[in-house]
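Reading through the structure tokens given below for one structure.
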Amino acid sequence: MSPQACPARGIALNPAASQVRIGILGAGKIGATHSSAYAKMPGVKVVGAWDADVQRAQKLAAQHGAQVFERRADLLRAVDVVDICLPTMFHRENVLAAAAAGKPVICEKPLARTVADCDAVIAACAKAKVPLLVGHVVRFFPEYSALRESILKGDIGEPAVVHMRRVVCAPGGPGAWYWDFEKSGGCVFDTAIHDLDWLLWTFGRPQQVYGVGLRDAAKLQDFGLLTLTWANGLIAHLESSWCHDSFSTSFEAAGSDGLIEFDTDDSVPLKVARIGGQGGGGKVIPESPLAKSPYQVELEHFLEVIGGRAKPVVTAEEAREAVALANACLDAVAARQVVVLPRAKRVQRAKTRKQVQLGAEHPA
Amino acid sequence: MGERFDMSLRIAFLSFAHMHAYGYARHMLTLPRGTVDIAGVWDKDATRGKKMARALGTRFFSARDKLLAAKLHGAVVCSENTAHLEDARAAAQAGVGVLCEKPLTTTSRDARELVDLFARARLPLMTAFPCRFAGAMQRLKEQFDDGVIGTLCAAYTSNHGRQPGRWFTDSQHSGGGAVMDHTVHVVDLLRWLTKREVARVYAVVGYNRFHLTRQAVGKKRIDDAAVLTLEFDGGVVASLDCSWSRPAEYSTWGDLKLELLGTQGVARLDLFRQRVLLAARKTGKTVERCWGDEKDGGVCGEFVRCLRDGSTPSVTGEDGLRATEVVEAAYRSAECGEPVAVQHL
């Protein structure tokens, strides 16, 4: 990344200080993950945290030497960049508040629950002339960008059948917002959106989607199987689950001239086991370490974009597109019918091509 | 005829068009002496038939009906898919029980005819679904029946393969490509586990998508890429990738994988995972070789048992019929682009 700022195009970040001051809205899991990533970035500091659950905000603030703000408005005044790590249903309101305060916004994916809300936040940020960057972090996972580059380079010929699997444990317990499907959209909306975004990024908009799913909030069960098809005959199939025992993702792309595959379960370079004594029973801690976590790569990139030194690898419009596609998938599952998507404009393709090179510059 | 010879079952092989016939024949020969006598081989391809007859130490018959009249107890039908009907029908008419390679037939109407024919003749008709007999699958079934993962909710499965070549890419003989070839195993396993029928199918199907197919079929076309979504009576949902998507350069021929999501847990089966990795200068390739139990042994053992005691095979002609119904529905769905109801005959 270029160390030289480009103030003509970028936003002047706290010119008086040498630090970019980050305000975290939402001190849950993703708020903590982002804060830890910021902590590793020179010249960046989490200075403020806000959460409806003050104790949670206090814990995060204490960890990073930040201040807890009781009022969001006070936090917005005290920071250079707002990072929204709140549940999806609060994204709209908080992006609008940040934009109104004239602060650049980083927002966790999904951008919003509905396309209408996406439009509202995109328009507000455009009007306020603040960048809006959405945390589609899978684009910054080296295995996923390697897969994409390999496919776009033609390593497997014409892609024919692509599988993307993303299974996780039940997020939160009974009563957690995740299990209010109206709010979260369930695993197909909240979790598969990573893979849907990757598919859009790599192949553009599909022609149609179909899916089946099971959901029972009382039993903490949510599961979906989605099938997407493109005009050129490409088939993508996704498994999405919130009812597995552990986190796991995999993908496979089979093309006319080759095949490429990946599975987190097969990609564990380090396993450290504590000996449990006679008969075993120790604990194995598997790790797949990277010099920089994909979250850090993502957030560094976002700050470069905010500073006017880079073009976004993921735009707010693309995040909106992922929301639209995830909603189409939910519609297909609910209707038990194929949902045909409106044809995308040609512009998207050219954009995607350009971003390949951008993506390639990213440190693995 | 000596006592021991009277005791042994006389089994004929009708065609070696499907390579699984070699496996079945080998297993018949490994059974204890006096269990099975391979009474003869008939094959439309006389060269292949004669070669196999020699290898198995038996006679080649140039007329199928002559062989069927040779005091047989059973016949193994491994002809091309579209010839199963005629060969199995001839066996039934000759009073001979049949083990038929999958798919039982290429249409459900043909399958229904065979099922009824064998039922009327009180003869065993067994569909060769060897995966049921694999050790890991048997263990999965045991644990599933014991309720280890609770009630089945969903399944994510695959039966990938390398395009098998020869008549498999000629729908006149095969009845279809990857969907015809690789749908039935997983459908049978899921039916076996759930004891339910597939009610609704959505299929997206691609033709000539892979190099090996393009090379094989030229200007003709055959389906080689497909993802099926299955909905069972009672609500279980499942998906299956049955594509011939493995390139020649891949380390193995394909796979059969089930991920079963139950109310109490998740089971993952990778049926061909018992394997060694071999890198050899001789072939210039790195390949995986399976060392797990041969599944064909279970199929042969079951067929022989049924011929001997007259009992109904654990895998019946009706199982073959139900699987073929799903294949038919998949092709119909691919054609109309919508999910379709499975028509049960």
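The values are calculated or read from the model by the stated rules, or taken from the named source; none is laboratory data. Bear in mind that the values here come from a model prediction, so they are computed numbers and not experimental data. A quick note on method: Cβ atoms are made from the backbone with ideal geometry, for glycine too, and the neighbour counts reach across all protein chains shown.
Checking residue B:277 against (1) more than 9 Å from chain A (Cβ to nearest Cβ); (2) part of a loop (DSSP other than H, G, I, E, B); (3) at pLDDT below 95; (4) over 18 Å from the mean Cα position of the chain (by Cα), only one condition comes out false. Which one?
(2)
Show the residue pairs meeting these rules: Cβ distance below 7 Å; 6+ apart or different chains; first residue within segment B:221-237 and without any contact (Cβ under 8 Å) to a residue 24 or more places away in the chain; second residue crowded, with 21+ Cβ neighbours inside 10 Å and assigned to a loop (DSSP other than H, G, I, E, B).
B:221/B:208
For residue A:242, state whether it is more than 8 Å from chain B (Cβ to nearest Cβ) and either under 22 Å from residue B:232 (Cα atoms) or charged (D, E, K, R) (or both).
Here the answer is yes, as residue A:242 does meet what is asked.
If I go through segment A:210-267 residue by residue, how many of them are small (Gly, Ala, Ser), over 23 Å from the mean Cα position of the chain (by Cα) and in a strand (DSSP E or B)?
Of the residues in that region, 3 qualify.
If I ask for residues that are outside any helix (DSSP H, G or I), surrounded by 23 or more Cβ atoms within 10 Å (Cβ to Cβ) and of a type outside the set (Ser, Thr, Tyr), which ones from segment A:170-205 would you list?
Passing the criteria: A:185, A:192.
Take the conditions in contact (Cβ under 8 Å) with a residue 24 or more places away in the chain and in a helix (DSSP H, G or I) and apply them to residue B:117. Does it pass?
It is true that residue B:117 is in contact (Cβ under 8 Å) with a residue 24 or more places away in the chain and in a helix (DSSP H, G or I).
Quick grid of which residues meet (1) in the same structural domain as residue B:229 (by TED's automatic domain parsing); (2) under 14 Å from the mean Cα position of the chain (by Cα); (3) modelled with pLDDT under 95:
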{"position": "B:115", "(1), (2), (3)": "no, no, no"}
{"position": "B:120", "(1), (2), (3)": "no, no, no"}
{"position": "B:125", "(1), (2), (3)": "no, yes, no"}
{"position": "B:148", "(1), (2), (3)": "yes, no, no"}
{"position": "B:152", "(1), (2), (3)": "yes, no, no"}
{"position": "B:157", "(1), (2), (3)": "yes, no, no"}
{"position": "B:189", "(1), (2), (3)": "yes, yes, no"}
{"position": "B:194", "(1), (2), (3)": "yes, no, no"}
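Could you please find all residues in segment B:207-231 being more than 21 Å from residue A:162 (Cα to Cα), part of a loop (DSSP other than H, G, I, E, B) and touching a strand residue (DSSP E or B) at 6+ places or on another chain (Cβ under 9 Å)?
Once the filter is applied, which keeps residues that are more than 21 Å from residue A:162 (Cα to Cα), part of a loop (DSSP other than H, G, I, E, B) and touching a strand residue (DSSP E or B) at 6+ places or on another chain (Cβ under 9 Å), segment B:207-231 yields only B:221.
Quick check on residue B:162: is it at the interface with another protein chain (Cβ under 10 Å from one of its Cβ atoms) and not in a strand (DSSP E or B)?
no
Which condition does residue A:23 not pass, out of (1) small (Gly, Ala, Ser); (2) buried (at least 22 other Cβ atoms within 10 Å of the Cβ); (3) assigned to a helix (DSSP H, G or I), if it passes all the others?
Failed condition: (3).
Condition (residue is without any contact (Cβ under 8 Å) to a residue 40 or more places away in the chain and either of a type in the set (A, V, I, L, M, F, W, C) or within 14 Å of chain B (Cβ to nearest Cβ) (or both)) applied to segment A:288-298: is it met by at least one residue?
No.
Conditions tested, residue by residue: (1) surrounded by fewer than 22 Cβ atoms within 10 Å (Cβ to Cβ); (2) within 13 Å of the chain's Cα centre (by Cα); (3) modelled with pLDDT of 95 or more; (4) among the hydrophobic types (A, V, I, L, M, F, W, C).
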| residue | (1), (2), (3), (4) |
| --- | --- |
| B:76 | no, yes, yes, yes |
| B:96 | no, no, yes, yes |
| B:104 | no, yes, yes, yes |
| B:107 | yes, no, yes, no |
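Residue check, residue B:245 against (1) polar (S, T, N, Q); (2) surrounded by fewer than 18 Cβ atoms within 10 Å (Cβ to Cβ); (3) facing chain A (nearest Cβ under 10 Å), all met but one. Which one?
Of (1) polar (S, T, N, Q); (2) surrounded by fewer than 18 Cβ atoms within 10 Å (Cβ to Cβ); (3) facing chain A (nearest Cβ under 10 Å), only one is false for residue B:245: (2).
When you scan segment A:245-283, how many residues do you find that are facing chain B (nearest Cβ under 8 Å) and of a type in the set (Asp, Glu)?
Residues meeting the conditions: 2.
Identify all residues within segment A:264-304 that are in contact with a strand residue (DSSP E or B) (Cβ under 9 Å, 6 or more places away or on another chain), within 30 Å of residue A:46 (Cβ to Cβ) and charged (D, E, K, R); write none if there are none.
Result: A:287, A:298, A:300.
Which of the residues spanning segment A:149-169 are touching a residue at least 12 places away in the same chain (Cβ under 8 Å) and in a helix (DSSP H, G or I)?
A:149, A:150, A:151, A:152
Suppose we keep only residues that are hydrophobic (A, V, I, L, M, F, W, C) and part of a strand (DSSP E or B) within segment B:192-206. Which one would you say is nearest to residue B:339 (Cα to Cα)?
By that ranking, first place goes to B:201.
Check A:289, A:294, A:312 and return the single one that is surrounded by fewer than 22 Cβ atoms within 10 Å (Cβ to Cβ), out of contact with any Asp or Glu (no Cβ under 6 Å at 6 or more places or on another chain), at pLDDT below 95 and over 23 Å from residue A:210 (Cβ atoms).
Step by step, each of A:289, A:294, A:312 is checked, and only A:289 is surrounded by fewer than 22 Cβ atoms within 10 Å (Cβ to Cβ), out of contact with any Asp or Glu (no Cβ under 6 Å at 6 or more places or on another chain), at pLDDT below 95 and over 23 Å from residue A:210 (Cβ atoms).
Which is of a type in the set (Gly, Ala, Ser), under 22 Å from the mean Cα position of the chain (by Cα), over 21 Å from residue A:235 (Cα atoms) and within 14 Å of chain A (Cβ to nearest Cβ), of B:225, B:238, B:199?
B:199
Looking for something more than 12 Å from chain B (Cβ to nearest Cβ) and closer than 21 Å to residue B:204 by Cβ - is there at least one such residue anywhere in segment A:167-185?
no
Restricting to segment B:202-213, count the residues that are within 7 Å of chain A (Cβ to nearest Cβ) and either on the phi > 0 side of the Ramachandran plot or not aliphatic (A, V, I, L, M) (or both).
5
Test each condition in (1) more than 10 Å from every other protein chain (Cβ to nearest Cβ); (2) of a type in the set (Ser, Thr, Tyr); (3) surrounded by 15 or more Cβ atoms within 10 Å (Cβ to Cβ) for residue A:229 and report the one that comes out false.
For residue A:229, the exception is condition (1).
Go through (1) touching a Gly at 6+ places or on another chain (Cβ under 8 Å); (2) more than 9 Å from chain A (Cβ to nearest Cβ); (3) among the β-branched types (Val, Ile, Thr) and name the single condition residue B:263 misses.
Condition (2) is where residue B:263 drops out.
Would you please list the contacts, defined by Cβ atoms under 7 Å and residues six or more apart or on different chains, that run from a residue in segment B:286-299 that is at positive phi and outside any helix (DSSP H, G or I) to a residue that is at pLDDT 90 or above and loosely packed, with under 15 Cβ neighbours inside 10 Å?
Within 7 Å, no pair qualifies.
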